[in-house]
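Undergrad: Handing you a structure now.
The values are calculated or read from the model by the stated rules, or taken from the named source; none is laboratory data. Quick caveat: nothing in here was measured; it's all calculated off a predicted structure. No Cβ is skipped: glycine too gets one built from the backbone with ideal geometry, and neighbour counts run over all protein chains shown. These area figures cover heavy atoms from the full protein model, side chains too; ligands, DNA and RNA do not enter into them. Shrake-Rupley method; radii C 1.70, N 1.55, O 1.52, S 1.80 Å.
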Amino acid sequence: MKRGQAAQRADALRAEIERHSRLYYEEATQEISDREFDILLQELVDLEARYPSLAPPNSPTQRVGGKALSQFPPVYYTIPMLSLSNAYERQTLTDFDARIRSDLKSDDFTYIVEPKIDGVGISVRYEHGHLVTGSTRGDSLKGDNITENIKTIASIPIELRGDAVPEVLEVRGEAFISKNIFERLVAQQKRKGEERFANPRNTAAGSLKQLDPRIAASRHLAAFFYATGETSGIEFQSEHDLLERLDSLSIPAVPWHRKCANLEEVNSAIDELQFVRDDLPFEIDGAVVKVDERRYHSLLSTTAKSPRWAIAFKYQAERAETVVRSITDQVGRTGVITPVAELEPVQLAGSVIRRATLHNLQDIDRKGVRVHDHVIIEKAGEVIPAVLKVVGSRRSGLEKPYTQPSECPECGSAVIQRENEVALRCDNLLCPAQAVRLLRHFASRGGLDIEGIGEVVAERLVENAQVRTPIDIFDLAEDSLAKLDLGDKSKKRELGIETARRMCQAMARAKSAPLSRWLFALGIEHVGKSVAIRIADTHTNLAHVADSSILRGLAEYFDLVSESQLVNPRSKTNTKKTPDERMKLQQKQTEIQDRMRLVGESLTKAGVLRPKAGEHAQPWDCVTTGIGPDAAQRVVSFFESEVGISILERLRSLQIDPLGNKATDTPIADTALKGRVVVLTGGLESMTREKAGERIRASGGKVGSGVSRNTSFIVTGNKPSDIKVAAARRLGVKELTEEQLIKVLERQ
Ligand code: IVH
């Protein structure tokens, strides 16, 4: 090879080696195996040996090596640098605790809980108070001597302070980069146009492996210590004692810990730590639980890898970083179009996440999310994960902003935006996406609980035009349902007669479901389960709801509240007006308040408002008992709309008349006892419970003992069972007084 060629090849090798070592140390990934890396490095070493002038001082042969070619001399440990066994579930901690109790045959010990710092394990040896070596964990018996790099960590003392300096003290801990320093480093790299670090832990690891300590120094590492290796001339009674004495020797001890008397306290310390996790200036990936008293450590001993007196409880990742592949639009049950981030699949809290909600355009704008962005996703409770934020430092400039759709992605009709709403909507009530989702909601357990209507069945029913609105399912005959094809193009698969029969039975039961469940099932916006129950509590049946002066009154009351605020002569804008104008406003306000008082009183009687409490409350000030202004307004508009009117008509012709809970003198529309289940609770005055039961049965009804979904009425007598009444209210079962029961029995 000519010198020119050799120079070219050496340059190419250096670039390649640098790239792979960056991937390895800073991004924790590998494109080639260690062996392939060694071959590249060896070729460069040979070339540079043949042409020494080709070797620049910063050549990778001078600086880095693969694991096998470590440039650092070894350090041997007399006491191995152990790892910890892991617990991912609380049960594992319970087992750990039980094992310790049985091994020690004693309950006379305590635990200490510390953060599990997400950094790089290091060991630092002091002799007569001088730092002599700093080293990595290596294979637990032999580590790399990285003393010069360790010395660049400002918080690690080179000389110990205090008056009890021991002969030998090996302390073990974790070197790391704090969260804010890491952010600064990344910002710096961005300014210089350099490739970014992947995360604090890999950056810390990469920094400690630099042959030039100036590089390590520039990374501003920190360290905390929590364990010991070889010691001489010093003894620690407990882990707690160790942490305290480290501090007095000027060695930074792990900064947060809790002493715990038992497993219960351990569990709450773990919860507490998780709670403060985000506020800690360093990354942690769990909690370490240790038996505090050292006298028990030797008794409990160690396995080859880890002590049996300690365990690491790893927090499930509730946040994860991934990439947005695309942003799609999803049409919800009420027609709201929600942008959804389609993600590179990522593990989060035990499941693989592929999609995350982005809520709406405002949300996307606020977070600045674009297609191809690296994002942090978060799981909050049980809901679908949401995109928390963009990792700005990982932008390449090729990210594409999201554009809102102008047409519904499902049915192609133009999208609309309602006044004062951020969401886009498809207003086509016959949009298949809405029909499928409405049907599934209608049949869901909280709705009418019609078993068998899952995603595929609902889709097929809508596709085949057998169902356009959920009520249409009552027109389906058992045998035609049985033939519903659930297969795909290549293979037919029929629903089958068994399933069809069960579905039809569930539909028959649904016909007599209480009003609250019907209201919820209809999928009216703002009508969740609790609003539905409140409406059913105050109305007799659907016809009453559709024609409700209570709901109209509520809508009016809340309108009056806003109006009264607008004309308030003492409001910020109105104080600028002339005295004459303000006088008129005052008059107007008094009129509004009079009306509010009137409406408020009647709605308080109806049970949907109650007088506001507190010393500043005025006689016209009321608060809702659960039905808010939006819900009241939506229900009223729903039953005024074409869809609502047609639903009422269809229900009438199907003889479906769900009953509410309101005890009124207006005749209850459908009180047929035939086939209905009545539960009696408490004592009756005019007859015994046995007699009442007999009469119910004589009318074709059944008497149930416990309240369930299938209960039609509950009759509450003297001292009723609280449990039964509460269950009835939760399930929306109609309550009858003894008097009403008698009326109902008389009508049979
Ligand atoms: S105690 C014999 N305590 O986690 C003592 N380790 O996965 C064993 N770590 O190797 C270690 N924070 O590098 C201990 N508070 C803490 C820790 C901790 C982080 C690291 C350490 C260990 C690894 C085990």
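Undergrad: Run the dipole for the stretch 146-237 about the Cα centre, Lys and Arg Cβ at +1, Asp and Glu Cβ at -1, nothing else charged, and hand back the magnitude in debye, nearest 20. Let's see the in-between values first.
TA: Details: 13 positive and 12 negative charges, 173 e Å.
It works out to roughly 820 debye.
Undergrad: Calculate the spin-label point distance for Gln42 paired with Ser301, positioning each point 7 Å from the Cα along the beta-carbon direction, and give it in nanometres.
TA: 4.2
Undergrad: How many percent of the accessible area of the stretch 174-241 is carbon or sulfur, using a 1.4 Å probe? Could you put the intermediate results ahead of the total?
TA: Working: 1450 of 3180 Å².
Carbon-and-sulfur percentage of accessible area, whole number: 45.
Undergrad: Please work out the FRET efficiency for the pair Asn262 and Arg502, using the Cβ-Cβ distance as r and a Förster radius of 60 Å; give the result to the nearest 0.05.
TA: Taking R0 as 60 Å, the efficiency between Asn262 and Arg502 is 0.75.
Undergrad: If you put +1 on each Lys and Arg Cβ and -1 on each Asp and Glu Cβ, how big is the dipole of the stretch 85-176 around its Cα centre, in Debye rounded to 20? It would help to have the intermediate numbers written out before the result.
TA: Numbers: 11 positive and 17 negative charges, 25 e Å.
Taking the Cα centre of the stretch 85-176 as origin, the dipole is about 120 debye.
Undergrad: Here is a further query. On the protein heavy atoms, probe 1.4 angstrom, tell me the percent of accessible surface of the stretch 683-748 carried by carbon and sulfur.
TA: Numbers: 1820 of 3770 Å².
After summing per-atom areas, the C and S share lands at 48 percent.
Undergrad: Hey, could you grab the Kirkwood Rh for the chain? Inverse mean 1/r over distinct alpha carbon pairs, Å, one decimal.
TA: Values: mean 1/r = 0.0303 Å⁻¹.
Kirkwood radius, the chain: 33.0 Å.
Undergrad: Please give the helix 629-640 orientation as an angle from the longest Cα principal axis of the chain, in degrees from 0 to 90, rounded to the nearest 10.
TA: Once rounded, one gets 50 degrees.
Undergrad: Angle, helix 497-511 long axis vs. longest principal axis of the chain, Cα atoms, 0 to 90°, nearest 10?
TA: Taking Cα atoms only, the helix is inclined about 60 degrees.
Undergrad: Classify the stretch 236-279: rounded, prolate or oblate, from the alpha-carbon gyration tensor (a ≥ b ≥ c, eigenvalue square roots; a/c under 1.5 rounded; otherwise prolate if a/b is larger than b/c)?
TA: On the way: a/c = 5.40, a/b = 1.47, b/c = 3.67.
Oblate, because a/c is 1.5 or more while a/b does not exceed b/c.
Undergrad: Over the chain, with the other protein chains present, what is the accessible area per residue in square angstrom, probe 1.4 angstrom?
TA: 51
Undergrad: Carbon and sulfur: what percent of the stretch 273-331's accessible surface (1.4 Å probe)?
TA: Values: 1390 of 2770 Å².
Answer for the stretch 273-331: carbon and sulfur cover 50 percent of the accessible area.
Undergrad: Moving to a separate point now. Just to confirm the number: angle between the C-alpha axis of helix 579-606 and the first principal axis of the chain, 0 to 90 degrees, nearest 10?
TA: Helix 579-606 and the main axis of the chain meet at about 80 degrees.
Undergrad: Mind checking which of Pro166, Ala187, Asn202 is farthest towards the positive end of the stretch 102-220's charge dipole, using Cβ charges of +1 (Lys, Arg) and -1 (Asp, Glu) about the Cα centre?
TA: Farthest towards the positive end: Ala187.
Undergrad: With the calculation restricted to Cα positions, what are the radius of gyration and Dmax of the stretch 531-668 in angstrom?
TA: 18.4, 62
Undergrad: Need the C-alpha centroid separation for the stretch 75-149 versus the stretch 687-748, integer Å.
TA: First find each Cα centre; the distance between them is then 66 Å.
Undergrad: Could you order the peptides 151-159, 546-554 from most to least packed, using the average number of other C-beta atoms within 10 Å per residue?
TA: Numbers: 151-159: 16.1, 546-554: 19.2.
In decreasing order of mean packing, 151-159, 546-554 become 546-554, 151-159.
Undergrad: While we're here: Hey, what does the equivalent ellipsoid look like for the stretch 591-697, semi-axes from the Cα gyration tensor as sqrt of 5 times each eigenvalue, largest first, whole Å? List each step's numbers first, then the result.
TA: On the way: eigenvalues 258, 127, 22 Å².
Whole-Å semi-axes of the equivalent ellipsoid: 36, 25, 10.
Undergrad: Turning to a different aspect of this structure: Kindly identify the stretch 453-504 as rounded, prolate or oblate by the Cα gyration tensor criterion: order the square roots of the eigenvalues as a ≥ b ≥ c, call it rounded if a/c is under 1.5, otherwise compare a/b with b/c, prolate if a/b is larger, else oblate. Mind showing how you got there, number by number?
TA: Numbers: a/c = 1.95, a/b = 1.20, b/c = 1.63.
Judged from the Cα gyration tensor, the stretch 453-504 comes out oblate (a/c at least 1.5, b/c at or above a/b).
Undergrad: What's the center-to-center distance, using Cα atoms, between the stretch 619-650 and the stretch 516-580 in Å?
TA: Their Cα centres are 8 Å away from one another.
Undergrad: Right, another one. Could you list the GluC sites (Glu not before Pro) in the stretch 368-422 that lie in coil according to DSSP, counting only those with at most 15 other Cβ atoms within 10 Å of their Cβ?
TA: Working: sites: Glu378, Glu382, Glu399, Glu407, Glu410, Glu419, Glu421; in loops: Glu382, Glu399, Glu410, Glu419, Glu421.
Here the GluC sites (Glu not before Pro) that fit, given the DSSP loop and packing criteria, are Glu382, Glu419, Glu421.
Undergrad: What does the charge dipole of the stretch 210-305 about its Cα centre add up to, to the nearest 20 debye, if the Cβ of each Lys and Arg holds +1 and the Cβ of each Asp and Glu holds -1?
TA: Numbers: 10 positive and 17 negative charges, 73 e Å.
It comes to approximately 360 debye.
Undergrad: Can I ask one more? Work out how much length Ile158 to Glu89 would gain on full extension: take 0.36 nm times their residue separation and subtract the Cα-Cα distance, in nm to one decimal. If you can, show how the numbers build up before the last one.
TA: Working: separation 69, 0.36 × 69 = 24.84 nm, distance 4.04 nm.
Between Ile158 and Glu89, full extension yields an extra 20.8 nm.
Undergrad: Would you mind checking Lys209/Lys290; Lys314/Lys379; Lys116/Lys290; Lys151/Lys190 for any pair whose Cα atoms are more than 20 angstrom apart?
TA: Numbers: Lys209/Lys290 30 Å; Lys314/Lys379 17 Å; Lys116/Lys290 12 Å; Lys151/Lys190 28 Å.
Distance filter (> 20 Å) returns Lys209/Lys290; Lys151/Lys190.
Undergrad: Another question, if that's okay. I'm a student and want to see the number: the projected area of the Cα convex hull of the stretch 80-215, averaged over all directions, in nm². Spell out each step's value before the answer.
TA: Working: hull surface 47.3 nm².
For the stretch 80-215, averaging the hull's shadow over all directions gives 11.8 nm².
Undergrad: So which trypsin sites (Lys or Arg not before Pro) in the stretch 448-502 are both in a DSSP loop and have at most 13 other Cβ atoms within 10 Å of their Cβ? Display every interim value, and only then the final one.
TA: Working: sites: Arg460, Arg468, Lys483, Lys489, Lys491, Lys492, Arg493, Arg501, Arg502; in loops: Arg468, Lys483, Lys489, Lys492, Arg493.
Sites meeting the loop and neighbour criteria: Lys483, Lys489, Lys492, Arg493.
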